Amino acid sequence: MNCWQKGIILWISVLVLSVSAYGEKISREQIKGLDEQVQEIKSDVMGIASELKQLEEKLLYPSSTQVAVFVSLVSGETFRLDSVEVRLDGKPVAQHLYTFKELEALQKGGVQRIYTGNVRSGEHDLEVFMIGKSGGGTDFEKSERFRVNKDIGPRIVEISLASQSIVLNER
Amino acid sequence: MKRLFVLLTIFIFTASRGGAAPSAPEELKDLYFGEALYYALQGEWFDAIARLDTELMLHHGLDEPERDTLHYHINQAEFDVGDFELAYRMHQRAGRAITAVIEGNVEEPVRNEAIFRLARIYFQKDQPLNAWYAVERISGTVPPEIRDDLDFLRAQILMANGRYAEAEDILRGLQDAKGLEGFTSYNLGIALIKDGKEPEGRRHLDSTGQIKSNDAITLAIRDKANLALGSKLLEEKNYEGAKQVLDRVRLSGPFSNRALLGSGWAHAFQGDFERALVPWSTLVTREVTDASVQEAMLAVPYAYGKLNVNSRAAVLYGSALEHFGRELDKLDESIRSIREGHFLRALVREELKQDADWVVKLRKLPQTPETYYLLDLMASHDFQESLKNYLDLEHLRTRLETWERDLDAFEGIIGQRRAYYQPLLPDIDRQFRRLDSHMRLRLEQRDRIGQRLKAMLVVPRPDYLATADERIISEQIALLEGTLMSGGTAVPGEIGDRINRMRGVLHWNIYTEYDRRFTETYKHLLDLNREVEQLKKQYTAFVRTRQAATQSYEGYDDVIRRQRLLIRKSRENVDELMARQGHMLETMAVNELTARRERLTEFQIKARFATAESYDRAVRDQSEERADK
């Protein structure tokens with residue numbers, strides 16, 4: 001029985017989750033120190049991301065020609081959005097198929113920037129086409145046409161989707 | 001995988017309740033803020049922080065930030081960026097962001113919520129004293145939605161600081177708190193035991209072990225309470241009590257293997273080996289890499305031996321030996337695979353990231369270690385943090401790589417723009433300057449006419465509105481008159497009369513038509529103004545386009561050079577940190593596998609001796625049987 005009493009001590013020791021003390025040891029300080037350095041590099045890269053984003057906007061989408069199209073869902077909508085297509089002056093400029101995560105993010109109030117591009121000043125034709133499934137499980141398609149005026153500054157357009165309607169919100 | 005998930009969740013829950021998921025404001029005024037939320041709601045923390053950070057920076061850089069749409073959400077945005085940073089394990093920055101909110105001019109509930117979050121960061125970063133100093137600063141109104149969480153955190157901080165009695169008081173008040181079922185009573189039980197109130201603590205662990213719930217996490221904490229209490233009772237040789245408590249652990253939960261093993265021992269220590277065989281026999285059919293299963297492989301033949309079924313015991317010891325041999329080979333192979341770098345390479349494989357069962361998939365890849373042996377390690381906080389850091393670093397590495405290519409593309413675009421615009425611009429500028437001088441001249445003329453018409457409203461000047469013909473005729477008359485009088489003689493009477501008549505007609509027309517002419521002139525001026533406005537628009541559009549043409553390729557060189565340097569430096573840092581973090585992960589994994597290997601070797605030795613002993617006994621039994629016959 002004695003050897004098995006040792007066995008039970010071994011069993012109890014298995015209950016404790018710990019980093020084993022074999023070979024090269026890893027200390028808490030080492031883990032913490034490295035973690036802090038990882039945090040620092042994340043911060044540095046975040047800074048680069050922010051500057052690059054601004055550089056990209058300035059270079060590729062100057063404010064005088066920039067147009068950005070955002071997509072949101074009307075609050076409380078439960079229909080399943082499958083895809084959205086945006087056409088600007090008759091040309092398809094953005095198409096998106098939604099994953100479950102993306103749809104959930106939209107349903108919770110997130111807003112997706114579906115398109116950023118450049119257009120001349122003046123009136124433009126914007127067409128939005130969506131495919132989805134209603135709450136009852138029926139497939140549906142819907143499209144809507146809008147006139148969008150582009151002025152000197154960047155033009156921001158919000159397209160608000162519901163199972164019954166596609167609405168352009170002026171910003 | 002489910003087991004790993006539950007273990008992880010329990011760990012996080014018992015350590016500290018995680019941050020709340022981001023929520024969008026009821027009425028979203030700023031689309032860019034909504035975009036940051038869109039990424040945060042998908043757990044894309046890097047993009048969420050980068051976007052929100054940029055927005056906040058632009059907002060604070062405005063002369064009149066109150067006119068910016070982000071102004072409506074500024075408090076939430078400041079909070080959210082801290083939360084996102086926390087979720088992205090940037091605790092230092094998150095702490096700074098939240099401290100900024102606390103020190104800002106905010107209302108009491110907002111400030112208190114910020115302190116709560118700061119305290120949670122300290123607690124998560126294993127700084128219980130700082131966490132306590134933080135929660136001590138909370139006073140006045142606390143938002144109702146965080147009240148229970150705050151109290152629970154307070155209790156955990158007190159426990160971490162060894163102030164169990166105070167923690168007990170708080171936890172007692174939280175027994176009915178929604179969303180904390182099981183966790184409060186479990187923690188209360190632990191606090192009481194640590195405070196020396198063993199019987200009461202056990203009662204709470206016992207009641208936690210009997211909670212009724214359908215929630216997977218609550219059920220897991222219930223199992224954990226039963227396992228903890230059962231182990232204590234087993235240590236104290238209260239085998240009957242231990243058996244009862246351990247039998248409450250679900251057969252499918254993350255703690256079931258350990259509970260089955262313990263339950264078997266509880267029977268075995270009472271000498272009831274037949275009953276001990278029931279849980280152990282269930283256990284040996286499970287995943288062979290589990291430590292409890294491996295121990296049960298020895299325990300089952302041991303029980304048969306005790307029941308004098310020596311031949312069966314010998315066969316089972318032999319089978320255990322075979323298994324242990326195979327597992328030892330697997331462990332050696334796994335350690336080698338880790339040392340050769342296959343583990344790290346497999347961890348960052350793209351297809352695994354898309355799969356929730358990635359740990360299970362990982363073991364199926366060629367040359368990767370047996371991840372079942374690493375499940376417990378993978379559920380530990382240190383390994384998880386290190387692994388997440390490693391994956392984050394890999395993510396940063398790929399981003400930096402992409403950005404470097406982006407910069408190449410940007411330079412290409414700039415080069416093309418320069419090549420297109422530069423030769424065109426001098427000629428365009430020349431033409432523009434010519435047009436510009438014409439335009440200025442005409443504008444001056446227009447201004448002069450405008451001023452003159454304005455003056456004529458006060459002092460009428462019909463002569464200003466004479467037509468071109470009238471002016472020519474008037475000049476011709478004057479010329480004729482001058483010619484006639486050139487010799488110093490007077491103009492002959494009849495001719496003089498005719499001249500006067502013509503002058504009179506002219507004068508008559510100019511004066512009688514003055515009002516009509518004035519109105520018409522004014523209308524023409526208005527038409528001209530419209531034309532001038534149009535011209536000015538075109539002028540401005542041209543100037544803007546001209547500027548845009550230059551700006552499309554000028555002024556980027558320094559920025560791009562700087563970015564390139566920053567990216568290169570960051571890449572070097574990321575590579576170095578990845579190597580160090582990777583080495584740490586490998587060491588942790590190798591240590592874990594080595595520990596399991598040594599334990600298995602120990603089992604193998606025991607099994608060898610036991611096999612020999614069992615065979616001897618079986619042979620002796622057979623000899624005795626034959627002798628009896």
- Query: What is the number of the single condition among (1) in a helix (DSSP H, G or I); (2) farther than 30 Å from A:Gly153 by Cβ that B:Gln547 does not meet?
  - Reply: (2)
- Any idea how many residues of the stretch B:204-263 are over 40 Å from the mean Cα position of the chain (by Cα) and more than 13 Å from every other protein chain (Cβ to nearest Cβ)? 7
- Task: Name the one entry in B:Glu103, B:Glu107, B:Glu145 that is of a type in the set (Asp, Glu), under 24 Å from B:Arg172 (Cβ atoms) and surrounded by fewer than 17 Cβ atoms within 10 Å (Cβ to Cβ).
- Result: B:Glu145
- Item | Evaluation of B:Ser319 against (1) in contact with a Phe, Trp or Tyr (Cβ under 9 Å, 6 or more places away or on another chain); (2) under 14 Å from B:Ala610 (Cβ atoms) (one fails), failing number | (1)
- Query: Out of the stretch A:115-161, which residues are away from chain B (no Cβ under 14 Å), small (Gly, Ala, Ser) and surrounded by fewer than 15 Cβ atoms within 10 Å (Cβ to Cβ)?
  - Reply: A:Ser134, A:Gly135, A:Gly136, A:Gly137, A:Ser143
- Note on the structure: Filtering the stretch B:45-60 for residues that are within 9 Å of chain A (Cβ to nearest Cβ) and either crowded, with 21+ Cβ neighbours inside 10 Å or outside any helix (DSSP H, G or I) (or both) leaves a count of 4
- Wholly enclosed helices (runs of 4 or more DSSP H) of the stretch B:173-246 bearing at least 1 residues farther than 28 Å from B:Arg163 by Cβ: B:216-235, B:239-246
- When the stretch B:544-575 is examined, which residues are found to be more than 7 Å from chain A (Cβ to nearest Cβ), of a type in the set (A, V, I, L, M, F, W, C) and closer than 25 Å to B:Leu424 by Cβ? B:Ala549, B:Ile560
- Filtered residues of the stretch B:593-617 (kept if more than 9 Å from every other protein chain (Cβ to nearest Cβ), aliphatic (A, V, I, L, M) and free of Cβ contacts under 8 Å to residues at least 40 places away in the same chain): B:Ile605, B:Ala612
- Query: If you scan the stretch A:37-66, which residues turn out to be at the interface with chain B (Cβ under 7 Å from one of its Cβ atoms) and among the charged types (D, E, K, R)?
  - Reply: A:Lys42, A:Asp44, A:Glu51, A:Lys53
- Query: Checking B:Ile414 against (1) more than 8 Å from every other protein chain (Cβ to nearest Cβ); (2) surrounded by 15 or more Cβ atoms within 10 Å (Cβ to Cβ), which test does it fail?
  - Reply: (1)
- Failed condition for B:Ala548, given (1) surrounded by 19 or more Cβ atoms within 10 Å (Cβ to Cβ); (2) touching a Ser or Thr at 6+ places or on another chain (Cβ under 7 Å), with all others met? (1)
- Item | Residues within the stretch A:100-114 that are closer than 15 Å to A:Thr78 by Cβ, surrounded by fewer than 17 Cβ atoms within 10 Å (Cβ to Cβ) and facing chain B (nearest Cβ under 9 Å), tallied | 1
- Message: Residues to consider are B:Val142, B:Val81; find the one that is in contact (Cβ under 8 Å) with a residue 24 or more places away in the chain and either assigned to a helix (DSSP H, G or I) or of a type in the set (S, T, N, Q) (or both).
- Response: B:Val81
- Query: Among the numbered criteria (1) within 28 Å of B:Ala409 (Cβ to Cβ); (2) in a strand (DSSP E or B); (3) at pLDDT below 95, which single criterion is violated by A:Leu59?
  - Reply: (2)
- Test: residue in the stretch B:374-392 that is closer than 30 Å to A:Ser27 by Cα, within 55 Å of the chain's Cα centre (by Cα), without any contact (Cβ under 8 Å) to a residue 24 or more places away in the chain and within 14 Å of chain A (Cβ to nearest Cβ): no
- Single residue of A:Val69, A:Val74 found to be in contact (Cβ under 8 Å) with a residue 12 or more places away in the chain, more than 30 Å from B:Phe542 (Cα to Cα) and within 14 Å of another protein chain (Cβ to nearest Cβ): A:Val74
- Query: Here are some residues: B:Leu70, B:Leu8, B:Leu37. Which one is more than 9 Å from chain A (Cβ to nearest Cβ), within 26 Å of B:Glu145 (Cβ to Cβ), modelled with pLDDT of 90 or more and in a helix (DSSP H, G or I)?
  - Reply: B:Leu70
- Note on the structure: Exactly one of B:Met578, B:Met502, B:Met588 is over 21 Å from B:Glu411 (Cβ atoms), among the aliphatic types (A, V, I, L, M), at the interface with chain A (Cβ under 9 Å from one of its Cβ atoms) and surrounded by 15 or more Cβ atoms within 10 Å (Cβ to Cβ), and that residue is B:Met588
- Message: With modelled with pLDDT under 85, surrounded by 23 or more Cβ atoms within 10 Å (Cβ to Cβ) and in a helix (DSSP H, G or I) as the only criterion, which of B:Ala97, B:Ala119 stands out?
- Response: B:Ala97
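Yes or no, residue by residue, for (1) within 24 Å of B:Phe269 (Cβ to Cβ); (2) surrounded by fewer than 22 Cβ atoms within 10 Å (Cβ to Cβ); (3) modelled with pLDDT of 90 or more:
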position: B:Lys194; (1), (2), (3): no, yes, yes
position: B:Asp206; (1), (2), (3): yes, yes, yes
position: B:Ser213; (1), (2), (3): no, yes, no
position: B:Ile217; (1), (2), (3): no, yes, no
position: B:Leu233; (1), (2), (3): yes, yes, yes
position: B:Gln244; (1), (2), (3): yes, yes, yes
- Query: Is it the case that the stretch A:84-99 has a residue that's crowded, with 16+ Cβ neighbours inside 10 Å, within 14 Å of chain B (Cβ to nearest Cβ) and either assigned to a helix (DSSP H, G or I) or without any contact (Cβ under 8 Å) to a residue 40 or more places away in the chain (or both)?
  - Reply: yes
- Query: What tally of residues in the stretch B:318-331 results from selecting those that are over 23 Å from B:Gly262 (Cα atoms) and within 14 Å of another protein chain (Cβ to nearest Cβ)?
  - Reply: 1
- Note on the structure: Listed by first then second residue, the pairs whose first member lies in the stretch B:297-317 and is away from chain A (no Cβ under 13 Å), whose partner is in a helix (DSSP H, G or I) and acidic (Asp, Glu), with beta carbons under 7 Å and at least 6 positions apart or on separate chains, are B:Leu307/B:Glu274; B:Asn310/B:Asp621
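The values are calculated or read from the model by the stated rules, or taken from the named source; none is laboratory data. Fair warning: this is a prediction, and the values are worked out from it, not measured in the lab. Every residue, glycine as well, gets a Cβ built from its backbone with ideal geometry; the counts of neighbours run over all protein chains shown.
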